[in-house]
1. Looking only at segment 642-665, which residues are part of a helix (DSSP H, G or I) and open to solvent by 50 Å² or more (accessible area, probe 1.4 Å)?
2. Specify the residue that is nearest to T695 (Cα to Cα); the eligible residues are those in segment 432-452 that are surrounded by fewer than 23 Cβ atoms within 10 Å (Cβ to Cβ) and touching a helix residue (DSSP H, G or I) at 6+ places or on another chain (Cβ under 8 Å).
3. Applying the selection to segment 314-333, what residues are open to solvent by less than 60 Å² (accessible area, probe 1.4 Å) and either part of a loop (DSSP other than H, G, I, E, B) or modelled with pLDDT under 95 (or both)?
4. Would you mind finding the one in S738, S777 that is touching a helix residue (DSSP H, G or I) at 6+ places or on another chain (Cβ under 7 Å) and either more than 19 Å from L813 (Cβ to Cβ) or of a type outside the set (A, V, I, L, M) (or both)?
5. Checking I102 against (1) touching a Leu at 6+ places or on another chain (Cβ under 9 Å); (2) of a type in the set (A, V, I, L, M, F, W, C); (3) modelled with pLDDT under 90, which single condition isn't satisfied?
6. Which residue is surrounded by the fewest Cβ atoms within 10 Å (Cβ to Cβ), if the candidates are limited to segment 525-558 and must be in a loop (DSSP other than H, G, I, E, B), of a type in the set (G, A, S) and in contact with a strand residue (DSSP E or B) (Cβ under 9 Å, 6 or more places away or on another chain)?
7. Residues in segment 113-134: is at least one under 48 Å from the mean Cα position of the chain (by Cα), of a type in the set (S, T, N, Q) and open to solvent by 10 Å² or more (accessible area, probe 1.4 Å)?
8. Taking segment 632-641 as the region of interest, how many residues are closer than 17 Å to I594 by Cβ and open to solvent by 20 Å² or more (accessible area, probe 1.4 Å)?
Amino acid sequence: MKIVNMSDNRYSREEIKILRNRTKKSKPQSGDHDGSPLPDDRDDHRQALLEFKSMFNGSSPPNQFLYFSDSLASWNTSSSCCDWDVVTCSTELPSSPVESLILNGIAASSSTKVLIPLFRIKSLKKLVISDNHMQGELPLKGFANLTRLVYLEMSDNLLNGSIPTELLQLRNLQHLDLDMNSLDGTLSSEVGSLVSLRYLGLGGNRFSGEIPMDIGNLTRLQELYLYTNQFSGRIPKSIGNLRELQILNLPYNSLSSDIPSEIGNLINLTDLNLAGNKLTGIIPSEVGLMKNLMGLNLQNNSLSSEIPIEIGNLYNLSDLYLNDNKLTGVIPTSIGNLVNLLRFTLYNNKLTGEIPKSTERLVNLRSFDVTNNFISGEFPLGLFEIEVLWDLFLGGNKFNWTNSAGMKPKASLRWLSLKSCGIVGSIPNWLANQTNLEVLDLSGNELEGMIPSWFSELCIAKVLLSDNRLRGSLPPRLFQSKCLELLDITNNSFIGELPDIISDESNIRYLFLRHNNFSGSLPKSMSRLQRLEVLDLSMNNFSGYQAPEMVGLWYVDLSSNKFSGDVGMSFGSSVDTLRLSKNNFSGPLPSNLINMTNLRYLELHSNKITGELPDFLSQITTLEILILRDNLLTGTNLHVLANLTKLRILDLSGNELMGNIPSAFGNFSGMVETSDSITDGSGEIGDASLRATVTTSGITLTWKSSTQTLPSKTLNIYSVLDLSRNHFSGKIPPSLGSLKGLKSLNFSRNKFSGEIPLSFGGLKGLESLDLSHNNLSGAIPKTLENLKELTKLDISNNELIGQIPVGGQMGTLNDADSYANNSGLCGIQIQVSCEESTEGGNEEIKEDDPWVSSVQSWCLLSDTGMGPTNANQRQQNPLPATSRLSVHDRLGSRANNPAPPLQIQQEPIVPPEQVNPQLPARVIGNFQQQEEQNWVKPRVSVQDRLSEATGEHNPQERRAPRRAVNSQQYVTQEQVDKRIKELFDAQIHAGRNSYTRLQKSPLEQELLNEEVPTNFHTPKIQKSRGQTLWSMCKNFKILWVCIQHLTIFSVISSRPVYKEMLTTRTNTTTSTLEWAMADELKPEDMDMSERMGVTLKKYVPLKAIPIPYKGISSAEDSTKAGQ
């Protein structure tokens, strides 16, 4: 018995009737097998079909949705193939050859090789072999035998490769359906040879390239389906030749440019679908010529300009989709002519003006959507008078709405969206009569007052009231509704406790109460919400120690409340996302987390979680996001996380964790590359088909040295590893270099030692790297030049040495603070030269030397009694033969005056026997006077000059070699004092004149941007411009910018020139800031204070110059305070 699915629309009623009425004949009849030898062609056909059966991998498809049951069971050697199921033989020819095979849905899997026996049946006119999971490429040879083939359907298989040329040469073929396969490559121009074709279905494949112009040769074509491929380029103008075409279906490709005007030639077209492409330009007015058109879909393109008025000529149009374009202008009044229009969508465009009154004539309109445009004017009350209107979306426009309008709509609406329509006052009372409402969106308005009591009586499935000014408590009966599935009242002013009368019959699935003023504990009756899937109660004042058991949840957000006690809440095994941050939870991590077998996102930051990382964490292998920062976690067992290979965001910052980083962290596959298929369990939640969705809150992380909230919709592109503000030690494992998808790596404020791994050059996607405040040593790896995405780098406060790499992004990271307090670093970024020593002989300085052209060499200004300048000291610490640049030569580049060619002079090393004893001051003075007249002066560097003032000068210290040149002028001590005083004035006042005078000057280069002792390191002048003293002190690590009249550095007040400045500032400053000693306030204290919301008046880093208490001004007392 043949079982035919009458609901299937692939076959006509006549075909199904023939198949049903065919039964096995009890007696041989004329033309059938009667025991005599079979004709040659029928016998060959039977053998071919039996061979086909043997090659077919039997069994039924998984869905069991068959057009026939046991379709091939009747195929055997004892009967004629014309008596077999799904086989039809010709009644016109004496030999009754096979001419039709309907073989769809008969196997769960097969290969294209099964087609080879069928190629022997040359009489075949119709072959249907769709929905058989047939895999592989179509045979290149064999189709040429099927010259009589008229109908070929091979859709819904797993075919790949290209279409064979032999298939495209079947001139009698009228129906070709290869939809829903994986065919690829370009569509051959040979397709134009199928001149008899009336149906061409190539949708749902992977074809690319342009649609060939030869498609215009198919002048008999009636239906063309090329949807969901990768076709690009223009729609060929030859498409206008297909005058018999009724359906043109090209959506979801990459077609570009404008819609050809020749499309107006398709006067028989009933359905035109070009949605989801990259079409630009205007909608051609010629569309108005296609008066038989019933469906026009141009959504999701980049079409611009106005909607043509000729569109009003399409009297038969029932569906018009123009949404998600860039259309401008007004809605044409001719729209009112489309009296048969059922669905009209214009959302997400740039339309202006008013909704025309003519829309009131659309008496058959079922759905109208103009969301997110710039439409203004009076609220379109006439639309509410269309009795058959079901769905009305008007949100995101600029209507003039008054709630006092006495509306009595005739429409019985099903979905109503008035989102962001400027509605003021209370919830409109006329909604009480909309008893068929399923979706109501009034979010983003200025609604006030309480939710009316009648609201609970409506059987609404989805209610969105977020972002209003509603207040009061929730109606108790709201949660007893059998209809309510989604309730979103986020960002209002509701107060009180949740009602404890939730019904067992409640169907609530999504509950969003975020950002209100709800308080109290969660009612026990919430456990009756058996269908609840999403619960967001964040940013309220809920409290209590336990929550009711809710086992069906998959998204839970209780963050930013006042819950306390152990984290003992039970949400069942289905939880995907659990967010409990910013509460008062304490104690260890709960062991019931192990029961959440689907948990991917766990956020518990900013609580008081104690103890070590538990061993059971290693068993939650589904975790992708783990955020435990700012708790009280301790211990060294970081290895328990090594098994969580899917982690892509791990934040353990701000704890008391210790030990080494396991090398197995390099196996975090979630950080190797980010995948669009990975989501964070949030984003948009709700019913997308109803456009009733809610966006969940993002995730807060330290991103590029600042606290930022990453949007939940795009969280899948981020990969973060943050272990900062702990006590981790040891070397950073090189295996972390395999995390190529990592976007942010933060190991700051730990105790890491050793070198920065060379493998970090493999972090191709890294955008932010923070290794500051550790004990890292060695050189900065040159491999960091490979990090093309790096935009934020902080390696300050380490023990790094050598030249900073300049290639790639490293050449653009010029913030000196990023490298501060690494006494051995040099490079263009911090404008400190890296002097290269030579062995014997002079070093040649070329004119294109970058250190000369960028004015970044040191100035050595020798002077008797200052620094290691006497012969004894130089003999104890001999310098190689080097070259030096003077301040004069550097200043010579100002005003675009190039410096004269540099003359290199070797500095001789004085033998011990020629060293003179220390001379009296009078002799030194005479020597200096004579030297000024005749000789090149000995010079002292600014570094030596300042180091003497700090008391840190060490004559025994071996200094790096420096360059020197002959110069007939030098800068005196008084000039240096004067220039330093100018800098102090500029920094104290941050005045425009001082700033303008000093900005980018050689003086700034000399005294601010060169490497000086740690205590005198300072940010650039321009950073202090226009800022308050507190802002400067807050942002800078070293406090040159924080000079005050009673808080001058002790090293400054010891010199006369600074004492004068001290007196000058005493009567002019008005600051009342208090200062703290460096040893009384640590950076860790500052971080904790900021977390606790305490604003400190002053913060002094550990490595800053000691600052005296308020009131200390003498040099002696200042020195004591500094000690």
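1. So in segment 642-665, the residues part of a helix (DSSP H, G or I) come out as 663-665.
Correct list: S663 only.
2. Only one residue fits best here, namely E438.
3. Kept after step one, since they are open to solvent by less than 60 Å² (accessible area, probe 1.4 Å), are these residues of segment 314-333: 314, 317-325, 327-329, 331-332.
If the condition is that a residue be open to solvent by less than 60 Å² (accessible area, probe 1.4 Å) and either part of a loop (DSSP other than H, G, I, E, B) or modelled with pLDDT under 95 (or both), then L314, L317, S318, L322, N323, D324, N325, T328, G329, I331, P332 are the ones that fit.
4. Values: S777 fails: touching a helix residue (DSSP H, G or I) at 6+ places or on another chain (Cβ under 7 Å).
Just one listed residue meets the conditions, S738.
5. Only one criterion is unmet by I102, namely (3).
6. Of the residues in segment 525-558, the ones in a loop (DSSP other than H, G, I, E, B) are 529-533, 537-540, 545-554, 558.
This time we only want the ones that are of a type in the set (G, A, S), so: 538, 547, 552.
Going one step further and asking which of them are in contact with a strand residue (DSSP E or B) (Cβ under 9 Å, 6 or more places away or on another chain), we end up with 538, 547.
Details: S538: 24, A547: 22.
Ranking the qualifying residues of segment 525-558, first place goes to A547.
7. no
8. Taking segment 632-641 first, the residues closer than 17 Å to I594 by Cβ are 637, 640-641.
Filter once more, keeping what is open to solvent by 20 Å² or more (accessible area, probe 1.4 Å): none.
Residues that pass the stated criteria total 0.
The values are calculated or read from the model by the stated rules, or taken from the named source; none is laboratory data. Fair warning: this is a prediction, and the values are worked out from it, not measured in the lab. So basically every Cβ, Gly included, is an ideal-geometry build from the backbone, and we count neighbours across all protein chains shown. Ligands, DNA and RNA are excluded from the accessible area calculation, which covers all protein heavy atoms including side chains. Shrake-Rupley method; radii C 1.70, N 1.55, O 1.52, S 1.80 Å.
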